[in-house]
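The values are calculated or read from the model by the stated rules, or taken from the named source; none is laboratory data. The model shown is predicted, which means the values in this text are computed figures rather than measured ones. Note that we place each Cβ from the backbone using ideal geometry, even for glycine, and neighbour counts take in every protein chain shown.
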Amino acid sequence: MLNRTGLFAIWMVCTITINAVPSDQVLAEEQLPKCLYVSSYHQGYVWSDGIEAGLRQGLRGHCEIRQFDMDTKRRKDAGNIQSAAANVLDLIDKWKPDVVITSDDNAAKFVVAPYYRDSELPFVFCGINWTVEEYGFPYENVTGIVEIAPITPMLQQAFEITEGRNALYIGAETLSEQKNFQRIFEEAQDLNIAIEYRPTATFQDWIDAYQSANAYDFVVLGNHSGIENWDATEAASQALQLAEKLTVTNHERMMPVATLGYTKMPWEHGEWAAAAARQVLSGTRPNEIPLATSKLWDLWVNEQMLDIIGLRISQKLLRKAKKLPIETAELINN
């Protein structure tokens, strides 16, 4: 049996052991600078998840990371967007990050541009489509990487396969999709290809547009995100029934309903933003870091869709492309 002195000694050892690890952890955490990541969209959205993964890997051990998701793909009315922006401002004011990383357009449009132009707080953006002219970037305190999709090789390949100059673009009714179409429209004009835009607010709108696409030489499929009642399984089923013409896309999640994909890589944006944030934390001002554009992309082929529409493509293209497994409807479900 232990006497009172023995019990006290054990209690002291346990107390020291229990308290030592948390206090060390708190001290280490307090010594790290603060990185706030503001995503325009939501976790579970494939593009955002890819950026987040690259960002977190690049910042691991360099700063304490806090994330705020504005969720403006699913909750895109003006009231919700303004509320999300107000919450970001409040978080910045209370948490006082050392650097803020943002992804995609709405964080730039509703947070950075109206409230932090040339402020002391440094910002690194990523995932903004095509151009940052509308936001006036770069500022003294802002740098980032612009999202450029490989539309030129995609349109050139579609023309080479079909020899058609009459195309249709199907996409959601969102700011990002409007910007995507405008850039594709300009590139199509340079290639002497006429292309029309069918914005689709609901899933039924998308089905109707996909069916009408057979009147065109080929179809460019934009992002489904923002389309009300989107159903990935039904979309893949309808595409297999309705497809008669070549469909191409810049979005990997759309490959179950497309034939060819020239797709962007979100990891590239997260990794670049992390590297820029590390430079900022080491004392570099954002205006000393030049703006960048994305350069990496993947080539995909959906062989099942190829068989259905009866198209033959070169063996060279087939060898280079990633092949889409049949069980991949979940790619477009988020």
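For this structure, a couple of remarks:
- Taken over region 157-193, the criterion of being of a type in the set (D, E, K, R) and touching a helix residue (DSSP H, G or I) at 6+ places or on another chain (Cβ under 6 Å) is satisfied by 187 alone.
- Qualifying strands (runs of 3 or more DSSP E) (wholly inside region 237-328; at least 1 residues being farther than 25 Å from residue 206 by Cα): 297-301
- Residue within region 310-326 that is free of Cβ contacts under 8 Å to residues at least 60 places away in the same chain and among the polar types (S, T, N, Q) present: yes
- Going through (1) more than 24 Å from the chain's Cα centre (by Cα); (2) in a helix (DSSP H, G or I) one by one, residue 192 falls short only on (2).
Yes/no per residue for (1) closer than 15 Å to residue 149 by Cα; (2) surrounded by 14 or more Cβ atoms within 10 Å (Cβ to Cβ); (3) over 22 Å from the mean Cα position of the chain (by Cα):
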{"position": "256", "(1), (2), (3)": "no, yes, no"}
{"position": "268", "(1), (2), (3)": "yes, yes, no"}
{"position": "272", "(1), (2), (3)": "no, yes, no"}
{"position": "279", "(1), (2), (3)": "no, yes, yes"}
{"position": "311", "(1), (2), (3)": "no, yes, yes"}
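- Annotation: of all residues in region 29-59 being of a type outside the set (S, T, N, Q) and more than 22 Å from residue 294 (Cβ to Cβ), the one that is modelled with the lowest pLDDT is 29.
- Pairs meeting the criteria (first residue in region 138-166 and closer than 15 Å to residue 194 by Cα, second residue surrounded by fewer than 19 Cβ atoms within 10 Å (Cβ to Cβ) and polar (S, T, N, Q), beta carbons under 8 Å, at least 6 apart or on different chains) are 165/192.
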